[in-house]
Structure formats: C-alpha cells, structure tokens
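Okay, so here's the structure we're looking at.
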Amino acid sequence: MDYVQQRVAQEAAKPDGAGSAPSGLLTPLNIILLSVVLYTTFSYLKPKPAAALPKEAPAVVFRTFTPRTLLPYNGENNMPVYLAVRGRVFDVTRGRNFYGPGGPYANFAGRDASRGLACGSFDEDMLTKDLDGPLDTLSDLGKDELEAMAGWEERFLEKYLVVGKLVAAGDEGKEETQ
Amino acid sequence: MGAFDNLLLRADESITGLFAQWNVWTSLIVTLFAGFLTYQISTRRDPDIHPFLLARQAQPSPVRQPGESPVYRSQAAPHGMPLQAGLNVKDPGASKWARGRDGDLRDIWRQVIAGVQEDGPSKGATGRILTVEGTEHVVEHNLADLTRQINLIGRYILDRGGNRVAIYLPNSVELLLTLFACSFYNLTAVILPFDQPDDAVISMLRRSAADTVVTAPGSFPFDEVVKHYPSLRQLIWVVDEGSKHMDWNEIPQGTGGSAVNVSTWQDIIADPPVSAGADLPSPSETPKDVTIFWQNKPGQTEDMVRFTSANLIAAVAAQLFAVPTARRMSPADLFLPADSLANTHTLALTLAALYSNASVAFNSSSPAAADLALATQGIAPTIVSANPAALLKTHETVMQKINSTVFSREAHSLQTSALAQDGVFAPAGFLANYYDSAFRPKIFGTEPGKLRLIFTAERVGAETPKLSSTVLSDLRVITGARVIYALTAANVAGAVAQTNFYDYRVTKDEEKEKCSHFGPPVTAAEVLLRDKGEYKSTDEGSKGEIIVKGPCVAGKEAALGVVGYIRHDHTLALI
C-alpha cells in the first residue's frame, strides 16, 4: 500500500499541464496501436490457401502371379502379405498378426491357401509342393470342405482387396491371347 | 528497495507515461479498430460446403488394372455399392420404408400429374408447363389436356401401325408429349436434332428406320423425304395457331407420296370427343428405347445412339441427386431448357425438373439464342440449361462493361474473391446492390424468382467453346446463380461428370485451352482412364482416354475418344 500511496502522491505532485497528451498522430502509443490494427486487418483479409488433403496412397496394380512370384509376398523383409484362394490373390497385410510371420496362419503367406482353408488345417502338407506344377484343382474335396472354403472366400472379399490372380507357371498371359 | 522493486517502478512509470499520450487520434484508431472487428465477426459466414469435400471430390478404387487408372466414383456412390440407377418410385400404398422402383419415363409424367407427394406445405402442388411465343407471349398448358394429347397421339400412331416415331421438332411441349406418348404406347422414339440440312434429315430417318414423323411445317423437307425415303408411312404436322385453318392433310401434287398418311396434331386432338383419352394406359412392358443423334463437329455425320429407358432414368436420377436436398428443384422453380432437347443432357434435366414438379417453359428459339438474355426472353426462369456459347457471349458483354471503370472492376474482383475464397455468395449489401443494379442482366428478374442455377455442358467432339473456371466464377458473380458445368458424350445419357453444386473455386492450373475441370463423375457413372499413346497412368497420377461405365451409359461402357486426367482434387479434366 505504501507503494500505491507513494505513486499517487508522485503523480499528483506533477504540475498541471505537464502530463497533458501530445496532440500529434504519431505518438509512440498511436504507432503501437496502428501496427496492431494493420496486422489484424492484414491477417483477416489476406487470401487463405485453398484446402488441400494429403495425397492418397497410389492404387495397387492388379497383376497375375504364379506360385513362384507369389512366394516373396509372405510379410518378411517388409513385404506385404498376400495369399491365394481359388485363383484370387488377396492382400491380407491388414491381418498381418494372423497371416504374417509368426502368426497362426503364417504358412499360408505367399502361397495358395485354398486347400488349407477348406480343410481347416494350417499344416505344411496342405500347400502345393511343386511351385512350377499345375495349380491345386481341389477336385478331391468334399461338400463340407468346399462350403468352408466358400465361407472363407466370402469373408476375404468383404475384408481384403483382390490384388491379382494366381495362374500356374507358364500360363501367364494365356488368358489375354485366348 | 531491491533491484526488482526498481524494475517494477520503472515499468509502472513507463506504462503510465505511454497511456498519458492518449489523445483524440488514439480514440479514433481504437474506435475504428473495434468497429472493424465487430463487422468482421458479425458478417462472418460459413462456406456452403466444407472445403475438404471439395479438396477430394471423387473416390478412386484401391486396385487398378494394368494399363488403366483406378476407377473413380462420386463420393456419394462409393465402391462396392451399385451406382445410382433409378428414381426410387414409391407406388401408392407401398410401405414407406420399402425400396422404390427404378421407374421409367411414364413415372415422370405420372409424377407431373400427381404433384408433390412428400408431406409438407407444398404437398399436392403441381408444376406449370408453359410455352413462350415470340418475345413476351406466354401460354400455359392445362395438365389434363396434355395428358389427353399424350393418349390421343400415342393411340393414333399405334392404330395406324406406327412403330418407330421420329420427332423432328424444335424445343416444344409437343416434342416432350410425343416422347411420353411413345413410352405409354410402346413405340420407339427417335429424337432428331432440329434445323438440319435436308440430306442430313433424310439420312437420319433412313439410319433410324423411322416409319412415322412428327414435325413442324416449314422446316421438314416433305417432298425430298417422300422421294428419297419410301419407308415413311405417317406424317403428323404440328401446326401453330396462325396456320391452323389451312388444309394440311393434302399431299402436295406430283410427289407420288400416296403411301404417306398425313394428318395434323391439332386434328388428332380436336376430332375425338372431349372425354376421350383422359386416362393413361399402364402397359406392363417397359418402354422401348429412345434413339438420339449426337451432333459432332459441323460436317461430320451424327452418331446414332440407342438409349434404353433405364439409361435415361439413371441420367435423370443422377441429375436430381446432383442438387443438394436443401436446394433441389421444387414447384417454386421455373426451368427453361435453353439448349436443344435433342441433347440427352438437356433432356435429362428437363425430365428431372418435371419429376420434381417444377414448372417448365419451352421456347423454340432459345437453343439458337446468342446470349443468355435472349435465351430467357419473355420469361424469368430460376433454373436454366444453357449452351456454353450463349454463356460465353453473356460473359463477354458484361465483362466489357465491368472492365470499363476502375470502380466496377474492383467491385467485381471483391465479389469474385468473396465467392472463390470464402465459398459463399456475397450477402446483400451496399456493394452487392450497386453491383447487381449496374451489371446483372435485367432479364433475370422477377417472377417466379431470381435465376439461381445454370446448367451447361461441354459436348465431347462437338467443338463447343470451353469455359474456364474464371469464366464460370465470373458468371456466378454476374448472374448471382450457381453454375454446374458438365462433360457430356454421345453414348452417355445426361452427363459423364459435372462440377459440384457448391464448387466456386477458381483454379489456376488449367491445362487445355483454359478449360475448367468437370468435377467428379455423376452418381450414375464411374470413370477410368485407359492408357493412350503418351498418356499413361502411373503411381503419380492418372491420365488417358476417358472410359465411362454405369447405368446411364448406352451399351454399359463407352470410350469417349478424348484424353483426360484426374486433378489433385480428384476431378476430371481434359488434357
């Protein structure tokens, strides 16, 4: 309180007229205020850049795989995870925990998984051994197994993208010429 | 006193000193500043559409075929869902929640008669159908009378063994009635572009194998046609009031056209009793195809395209959907097709207006009018479908006037930036009022309201003048109406792609001939670009020949023959 009294007394002691405001436009106070006004006006009126969204990831090109070219897509070495069901290649990278390395279905990654899904078995012997041979025709499967596979296919079509088709080695480009 | 107290004292003294400088200027500055802030905050308005919705207008498919771009679809018709194909017609008595039928042309006329079905203040309201004659004479048609005409004409043609009905008429209510008569009486309609050279008319009749022609005297080369096209069986003259008294049924001497049965529209309507033809038939089969002739560059032969009824309906549905619900056409609107009805784009818009129970006016001379003011002569439409040439002419005339003084030029650029930057039309105010009274063409006037929407379309291969986004923006400012610019092609009913209703942006990066982009594909079509020569789709961008698929495309898929690319905001543009 002492301080306040002291300051009031100090201001009161000033002779009349000594503290009267300068009448010019360009006093320091006015300059400060003017610059604030200019800045605000400018930021209000300056053209705003048009809204832009980040570019989307480019589309995956649909391609034709053979069992051998599909093999690298098993999720290792930062590759995406693909698997084939009845000639259709699905990108199951989003389900990496299941189909990727270390997952319960890891055997299917980069392979034709039709027989394994139909039989509900994740074993090695469900996969087609001969990568350069013909595709698994699945002709020996029973009704229940085909039904199970159709169920899987339906789920895959709902959840994952079809990014290509699987043909036997040597059959690439055949369809186009037919 | 410590050093800190000293500092405080110093600060106190300097602040007191600073504010001691307050004078009359300071008060003025502060007052003006407060006024500016208040004005900015109170006049601030949200844009009509969220800017992000314009920043990415179409949706690409996640997988693309080699040699092609991804498939692009409107955000409103996502991948994995069927494209929009129908009008969702609800039959009376059907459950409110059940999915409606796709509908066909007949449902459009039934809707015209029935009036608005949704509950609300305008329930039951019907649109009016008008004909503009000359410069100011407007005739209103009675809807029940038009229904009777549809019935009598359809029945007449059918009874005389007609099957393929060529319509060679200017924009008129009779053109539309014949089209509806064909849909109700299971006839094939062939719409010929009007005002063509004689040999072109004969060749179009021959290619379409028409056996009946509905046309107007004075423009149809009857003698020539009879001589060169012997398959013609029936001719119906649509004569106007002034020449009704003449005997049109007489076949000119020496033509040998005794095989042709000639009658007039007016006689067919006048002869049966008044009560005849009051009820529309409801045949179970879907209406037959509608054949259209697409005019290419002058001198090139027309493309003949057969659209199924479903194609046309999908086009109409897409046009109805393209206008946001809050702004859709209603009985309060007056639609004027100021472009030829032989274009499926104009036809689809007209049918959309009819289906929305908007009033529709026909002016036979407006497709050829030099500018918008002439095209809308005698009537004040709220929605107009105009050709780019007329719009460009209006733009040129008005801009010349605006650019003549500094003040008007500045006013225009302020209006433009308000529209393009803020995404919202400038509110009524001193500047806007001055601007309107000085430059807005007077015809866009009073009844039933002011012009609010302009449809216009680039026709692929027809050398229509291109409109740049600057011109489109200028047109919006000049007319105070929104402008939708569409890309149309021979094999696609309605439009392939068209700009968003709320897209007012001015884009600086236009490639070809200063032509605006065409927005995303309509909801009834999907677009992809197939590699062509040097134009290839890569991970960086999509380029190539425009391919359209969907329910509005004749033959399911059409290659347009022109090269386009997808811009960064996922809109389609020509290269």
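Under a model in which nothing but the beta-carbon of Lys, Arg (+1) and Asp, Glu (-1) is charged, chain B shows a dipole of about 900 debye around its Cα centre. Alpha-carbon geometry of the protein assembly as shown: the Rg and the Dmax are 34.7, 127 Å, given in that order. Modelled spin-label separation between B:K450 and A:R63, with each label point placed 7 Å from Cα along the Cα-to-Cβ direction: 5.8 nm.
Work out the charge dipole of chain A with +1 on the Cβ of Lys and Arg and -1 on the Cβ of Asp and Glu about the Cα centre, then indicate which of A:G120, A:V37, A:Y73 is farthest towards its positive end. The residue sitting farthest along the positive end of the dipole is A:V37.
Computed from the C-alpha gyration tensor, the three semi-axes of the ellipsoid equivalent to region B:142-285 are 24, 17, 14 Å, from longest to shortest. A simple charge model with +1 on the Cβ of Lys and Arg, -1 on the Cβ of Asp and Glu and nothing else charged puts the dipole of the protein assembly as shown at about 920 debye relative to its Cα centre. Counting only alpha carbon atoms, the long axis of helix B:469-479 and the longest principal axis of chain B meet at about 90°.
A dipole drawn for region B:1-55 from +1 and -1 charges on Cβ atoms has a positive end, and of B:I49, B:V24, B:L37 the residue lying farthest that way is B:I49.
Counting other Cβ atoms within 10 Å as a rough exposure proxy, the listed residues B:C552, B:C515 run B:C515, B:C552 from fewest neighbours to most. If a spin label sat at a point 7 angstrom from the Cα of B:Q65 along the line to its beta carbon, the backbone N atoms of region B:528-544 nearer than 17 Å would be those of B:528-533, B:536-538, B:543-544.
Each peptide in B:279-290, B:162-173, B:29-40, B:220-231 was scored by the mean count of other Cβ atoms within 10 Å over its residues; highest first, the order is B:162-173, B:220-231, B:279-290, B:29-40.
If R₀ is 30 angstrom, what is the calculated FRET efficiency for the pair B:A114 and B:A370, using the beta carbon separation as r and rounding to 0.05? The pair B:A114/B:A370 has a calculated efficiency of 0.20.
Under the 0.36 nm per residue contour assumption, what length would be gained going from the current alpha-carbon distance of A:C119 and A:I32 to full extension?
Details: separation 87, 0.36 × 87 = 31.32 nm, distance 8.12 nm.
In short, 23.2 nm is gained.
Determine the distance separating the Cα centre of region B:307-330 from the Cα centre of region A:86-165; give it in Å without decimals. Result: 44 Å between the Cα centres.
If you run the Gaussian network model on chain A, springs between alpha carbon atoms under 10 Å, then out of A:P22, A:P72, A:P58 the most flexible one is A:P22. Largest first, the three principal axis extents of the alpha carbons in region A:63-177 are 38, 37, 27 Å in whole numbers. Classify region B:85-158: rounded, prolate or oblate, from the alpha-carbon gyration tensor (a ≥ b ≥ c, eigenvalue square roots; a/c under 1.5 rounded; otherwise prolate if a/b is larger than b/c)? Oblate, since a/c reaches 1.5 and b/c is not below a/b.
Once you reduce region B:74-129 and region B:399-423 to the center of their Cα atoms, the two points are 41 Å from each other. Tilt of helix B:24-42 relative to the longest C-alpha principal axis of chain B, in degrees (0 to 90, nearest 10)? With both axes taken from Cα atoms, the answer is about 30 degrees. Placing unit charges on the Cβ atoms of the charged side chains and taking the dipole of region B:142-285 about its Cα centre, the candidate lying farthest along the positive direction among B:L232, B:S219, B:A209 is B:A209. For A:K48 and A:A169, the difference between the fully extended length at 0.36 nm per residue and the C-alpha to C-alpha distance is 37.9 nm. So what's the angle, to the nearest 10 degrees on a 0 to 90 scale, between helix B:105-114 and the longest Cα principal axis of chain B? Here the helix axis deviates by roughly 70 degrees. If r is the Cβ-Cβ distance from B:T31 to B:T126 and R0 is 35 Å, what FRET efficiency results, to the nearest 0.05? With a Förster radius of 35 Å, E is 0.05. Our helix-only sum for chain B, with -39,500 (n - 2.57) per DSSP H run of n ≥ 4 divided by its residues, gives a mean residue ellipticity at 222 nm of -10000 deg cm²/dmol. If you sort the three axes of the alpha carbon gyration tensor as a ≥ b ≥ c, you get a/c of 1.5 or more for region B:3-42 and a/b no higher than b/c, which makes it oblate.
Our estimate of slack between B:K401 and B:K514, defined as 0.36 nm per intervening residue step minus the Cα-Cα distance, is 38.5 nm. In a simple Cβ point-charge model (Lys, Arg +1; Asp, Glu -1; nothing else charged), region A:63-177 has a dipole of about 440 debye relative to its Cα centre. The equivalent ellipsoid that matches the C-alpha gyration tensor of chain B spans semi-axes of 52, 28, 23 angstrom, in descending order. Counting only residues at least eight positions apart within a chain, or on another chain, the lysines with an alpha carbon under 21 Å from that of B:K123 are B:K90, B:K96. Site pair B:M81 and B:L7 shows an inter-label distance of 6.3 nm when each label is modelled 7 Å from Cα along Cα→Cβ. Remark: relative contact order (chain B) = 17 percent; criterion is Cα-Cα distance under 8 angstrom and separation of 6 or more residues. Note on A:E145 and B:R206: the model spin-label points, each 7 Å out from Cα along the C-beta direction, lie 6.6 nm apart. Counting every C-alpha pair in region B:494-563, the share spaced more than 15 angstrom apart comes to 62%.
Readers should treat all values here as calculations from the given coordinates under stated rules, not as data from a laboratory. Just so we're clear, the structure is a prediction, and the values are computed from it rather than from any experiment. With ideal geometry, Cβ positions are generated from the backbone for all residues, glycine too; neighbour counts draw on all protein chains shown.
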